[in-house]
1. Considering all projection directions equally, how large on average is the shadow of the alpha-carbon convex hull of segment A:102-221, in square nanometres?
2. Relative contact order for chain A: what percent, with Cα pairs under 8 Å and sequence separation of 6 or more?
3. On a full-extension model of 0.36 nm per residue, what is the gain between B:Thr179 and B:Tyr47, subtracting their alpha-carbon distance, rounded to one decimal in nm?
4. Amide H of A:Asp167 versus every other amide H placed in the peptide plane: which residues, excluding those fewer than 5 positions away on the same chain, fall under 5 Å?
5. Please enumerate, by chain and number, the lysines with C-alpha under 17 Å from the C-alpha of A:Lys373, excluding those fewer than 8 residues away in the same chain.
6. Under 25 Å Cα-Cα from A:Lys473, which lysines qualify once same-chain neighbours fewer than 8 residues away are excluded?
7. Cα to Cα, under 28 Å, and not fewer than 8 places away if on the same chain: which lysines meet these conditions relative to A:Lys658?
8. With each label point set 7 Å from Cα along the Cα-Cβ vector, what nm distance links A:Arg33 and A:Asp221?
Protein chains: 2
Amino acid sequence: MASALKVNKDLVRERQKCTFDVKELTYIWEGGREFTEERQRYENIVYSVKELQDEVPELYLSHKERYESSIRKACILQRLQNEYGKKHKVLNTRTIRLVGYGAIRDISPFLLHNGMFIQTIEGQGTPEQQAEWMPKAQAMQIIGTYAQTELGHGTFLRGLETTATYDVKTEEFILNSPTLTSHKWWPGGLGTTVNHCIVAAQLYINGKKHGIHLFMVQIRDLETHMPLPGINVGEIGPKLGFQTANNGFLGFKNVRIPRKNMLMKNNQVLNDGTYVKGMNEKLTYGTMVLVRVSIVSDAANVIARAATIAVRYAAVRHQSQLKANEPEVQILDYLTQQHKLFIAIATSHAFSTTYGWLYKAYLQVVEDLGKGKQDHLPELHALSCCLKATCSRDSAAIVEQCRLACGGHGYMASSSLPIVYGLATASVTYEGEHTVLLLQTARYLMKAWQMALQGKVLAPSVSYLVDSLKSNKQSWQNTPEFIVKGFQHVAAGKIKDAFHAIQKHVKAGKDYEDAWNLASVQLIKASEAHSRAILCDVFWRGTIIKSSTASPGVAAVLDHLVQLYIVYWALETVGDLLLYSNITKEDIAVLKVKYEELLALIRPNAVGLVDAFDIRDEVLNSTLGSYDGRVYERLMEEAMKSPLNQEPVNQSFHKYLKPFMKRAKL
Amino acid sequence: MASALKVNKDLVRERQKCTFDVKELTYIWEGGREFTEERQRYENIVYSVKELQDEVPELYLSHKERYESSIRKACILQRLQNEYGKKHKVLNTRTIRLVGYGAIRDISPFLLHNGMFIQTIEGQGTPEQQAEWMPKAQAMQIIGTYAQTELGHGTFLRGLETTATYDVKTEEFILNSPTLTSHKWWPGGLGTTVNHCIVAAQLYINGKKHGIHLFMVQIRDLETHMPLPGINVGEIGPKLGFQTANNGFLGFKNVRIPRKNMLMKNNQVLNDGTYVKGMNEKLTYGTMVLVRVSIVSDAANVIARAATIAVRYAAVRHQSQLKANEPEVQILDYLTQQHKLFIAIATSHAFSTTYGWLYKAYLQVVEDLGKGKQDHLPELHALSCCLKATCSRDSAAIVEQCRLACGGHGYMASSSLPIVYGLATASVTYEGEHTVLLLQTARYLMKAWQMALQGKVLAPSVSYLVDSLKSNKQSWQNTPEFIVKGFQHVAAGKIKDAFHAIQKHVKAGKDYEDAWNLASVQLIKASEAHSRAILCDVFWRGTIIKSSTASPGVAAVLDHLVQLYIVYWALETVGDLLLYSNITKEDIAVLKVKYEELLALIRPNAVGLVDAFDIRDEVLNSTLGSYDGRVYERLMEEAMKSPLNQEPVNQSFHKYLKPFMKRAKL
């Protein structure tokens, strides 16, 4: 960290005001001291490598130059990671991703090699297939990606058009892209980086369709990198973000691969074309669920980044007077600014706590599946869908709120807030589109409601539905526990409404599917309300556990944050509470006062709270958010790196502007 | 337009279903047939110019190359515009901006020359100053911008640090930037384009500070474009959007300008240093108010662009089955998709109607001011603040909703949705930051409430406060007129709450300013509720007037849109209505049904409605949204333009990737 002498004086003062042990909170936030120290050790290594530091910031480069720079850095980083893994212990995913941002400043073109290619071989390959491909993939002698989505097909897997037709004579699969829309589209690294692909395709044997299966396909020569015969591959062009992810497209024309290249852990195709259906279809859910669970953690992390930048800037920035003849005040002293930023800090903790809870549930389900028990899979699937949807959406909204809270400077690329927004908003769509996922959870909720009506026992996360059927509601109390119950009443009420909306349409003569569609806006709202009830409940209960072993200072700020989160959402959804709980207008007035009191309680600890996220300047990469608060100096320093500022007069003056000015007539 | 033969068959079918005259609605939307025809004539000229068409899409270029390309195109476009203005009539601002997007694909580096530099000379210069500078500026023999915001100072004008000190001996002003934070920061075109600047600076005469005044300063040599002595100028670097706007910074070191370069229409400095205060301080409000009013129109236009893209794509895109064994359906048939998109169409009309109303009010106030009447200025100021704030914020949210409704492809730069979002979200901050503006309106509302309590006559836009004081509320009706009244009750209720919150803090011993800050979250909400009441009221009344002369088909769709807008916002703010109006739970259930009926009514006209915005493909510049619906073909064609796709193997393979793969060990 920068020496105390150079730190902005407002930040120094803020840090002096802090009432709790920042380090202790970092350990809690990160899941344990050992994770923090491991990350710090690795960061010290990575950020001392000179070759990873940019001479010209990426954003000044052309699209092609940015790609080349990202490959260069990704190779260095991968080598550091592998070396570290050999000497010390293997790094956790969060650390790898966090440090990756700091080094590459955007998405690595190897993201899907590490995140999907290796995992799919591991999850879907037979032991022989794993033995063949895993060592090469782990050593990056082969580099791969996972190719599922097509130009014309995303969410609806059964609609995929790529075909893999078994040729019994040669014992090969023949891959084809029969249409323009069947071209693979989006896989990271596919454009110009990877030489292997796991391809999702419709399996055909003797003219019979057997649905989607996965195939290992080499697409480029390992020596020359030339695309192999029949392969049409390239990159898909610029996007809102993910500029260096090297997303690509891929088409096949009679590409032959050996039979053993179908991933056959579950279903199999024998030499003679016999199709053997596997027993454990459900196992394939695993990776998908895990990816969605990890997006809840990603959401906590992007919010932490944005909050760190915005809170530090709000402490440094002075603007306007509260009172005439007094100096301009820190914008962090405006209640409206606290309203925008403190919910960001609280939400990051809410999502981090929820991730911990959900990941534990995931591990339990995986263990159960190993024992042949599938009972908790539907509940986990429903939870991972709605929590992925809600946390990703909230993270995008909150990051943008933090960005806007920095005024014009939040629009500067050098603030890093635009790139963080690009990451956050992408997660709303990838790995399960937002609306589609909420509707998947809604299907589970409709079944749960039916079961509740039938008096059956429900899974823990929906057991509140049983309580809601009891007519004697307790009178409202303005305590966090009770507000959480209020959210459960809201969720139950909306689930019931949606259920009745479907029934109404069915009674009016609609098919169930049409009735479902006609009720889908209400189904979405039910699913959202369920998510919020879960988030508040898990955050509340999780914080109590964390606080029980924390120092009084840390326990106090954790309590402020969880209360703020719950009261904030109560006030945001007052209409729902009025409709579905027995809250009164007087209670709402009390909660408004409570909310403002919590803002005031958090105010002195705001900078300490974002310091506790312990995000290094290299990861923040922000003129507004660095630890030392040299905001204005950095803004000017970054601007001075612009190639347009390396020469007093740009050539366009002589080429275009001057002739234009001269030709202009009065 | 493309020939009918090549148009996507779904779009053809959608257009056949349309029940109203698309052209007629275009004329209404654009304010009259003459405006539409004028725009079309100009567009036909501009888009036939080959030199304006890109060989390589802008997004593949480096930051510097993009700037150079934008200057080249801006010069061509400006010449076309000047020539057109001479032959035909002068184009309106909306047409100039719309066609500008189509040609430059982003912001012109001349934007502030046309939008602020010329207007400020006209509004703030004496007749002599106008005679000297206007002809040169209009012919672009001099190119300028408007420099007010500083690195450390935005909203709070009095905080600006740049100084202009009068030297009575030489009859000159000496400009200085005493600190880093006093550097001008943000002005469009300032970076490397303009040679003149209107600079806002603190005027000092004989050591006495006279506040902010405007000065015309030449900053670059007209022949060589070299910065003049004492001028430190450059560009500020990349941003979230506005990449080609060439925003710049500017510092002064003892830069001397003649006395006559202070804009002296109002305040004056005489030769001997005598400061003469002008009479018409209020006149300077004019430009600022006009800019805010025009942002309401901009908001309508960006929403129209995004809605056109998203609705056409939703008609072309098929995804998932509603029923097993049926083909995948157009995503426009999902109720959730209609919920996301139809409010966009309705909002664009709401804002367009509100702009027409507000612009008329502005013209009236300007006329009044000319006669020395200032009565309506505070009301107009309050309206322009909250409507700018609300419309810009809504436009950003709705554009992003449209983008997300396009799934992954909405993240592609080639969809143009990311760049449209960049434009929309910028407007939330520029020309008056969102929160600051809402609080300005809140000040007016607090005064109005006080006046209402005192039984005084209120301005028309707040006269509903008087009604709200009457205790006998009518029972709720589910009609648009009555819902609008409901919104007024909500606004009045929140204004009252905020008023009492301030009073409570004052009674508890706080200064008024501290009480104001403590109540500011509630003040914001009051201001927002006021905006929504105004928007719904104006849209409702404006639509009745428009419909009265429209054909039955067009009148019907206009009615659907305004009802949708009002019912949508009633459902979005149910909590407020429950708290402040006498709506019942049963009414809410009725409104939900009504809302779904309106979606169904609009569905067959959805494509016709966005066609009626009549935005040319050149302006949309979108793979997803073009008139002919060749979505997938265009996505692939655009991707193929990537420089990375011009060679089978990128050099980074040989330089980095291959050595890395070879060195990798098992």
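1. On the way: hull surface 35.0 nm².
The directionally averaged projection comes out at 8.7 nm².
2. Working: 1016 pairs, mean separation 104.9, N = 666.
Across chain A, relative contact order equals 16 percent.
3. Numbers: separation 132, 0.36 × 132 = 47.52 nm, distance 4.64 nm.
Working it through step by step, the gained length comes to 42.9 nm.
4. A:Glu172, A:Phe173, A:Ile174
5. Within the straight-line limit of under 17 Å, A:Lys373 reaches these lysines: A:Lys282, A:Lys360.
6. Excluding near neighbours in sequence, the set is A:Lys447, A:Lys456, A:Lys485, A:Lys494, A:Lys496, A:Lys525, A:Lys585, A:Lys592, A:Lys594, B:Lys585.
7. A:Lys641, B:Lys50, B:Lys64, B:Lys73, B:Lys86, B:Lys87, B:Lys89, B:Lys136, B:Lys184, B:Lys239, B:Lys253, B:Lys260
8. Going by the 7 Å Cα→Cβ label model, 5.7 nm.
The values are calculated or read from the model by the stated rules, or taken from the named source; none is laboratory data. The structure displayed is predicted, hence computed values, not measured ones. Neighbour counts run over all protein chains shown; Cβ positions are idealised from the backbone, glycine included. Remember, those area values only see protein heavy atoms, side chains included, never the ligands or the DNA or RNA. Shrake-Rupley method; radii C 1.70, N 1.55, O 1.52, S 1.80 Å.
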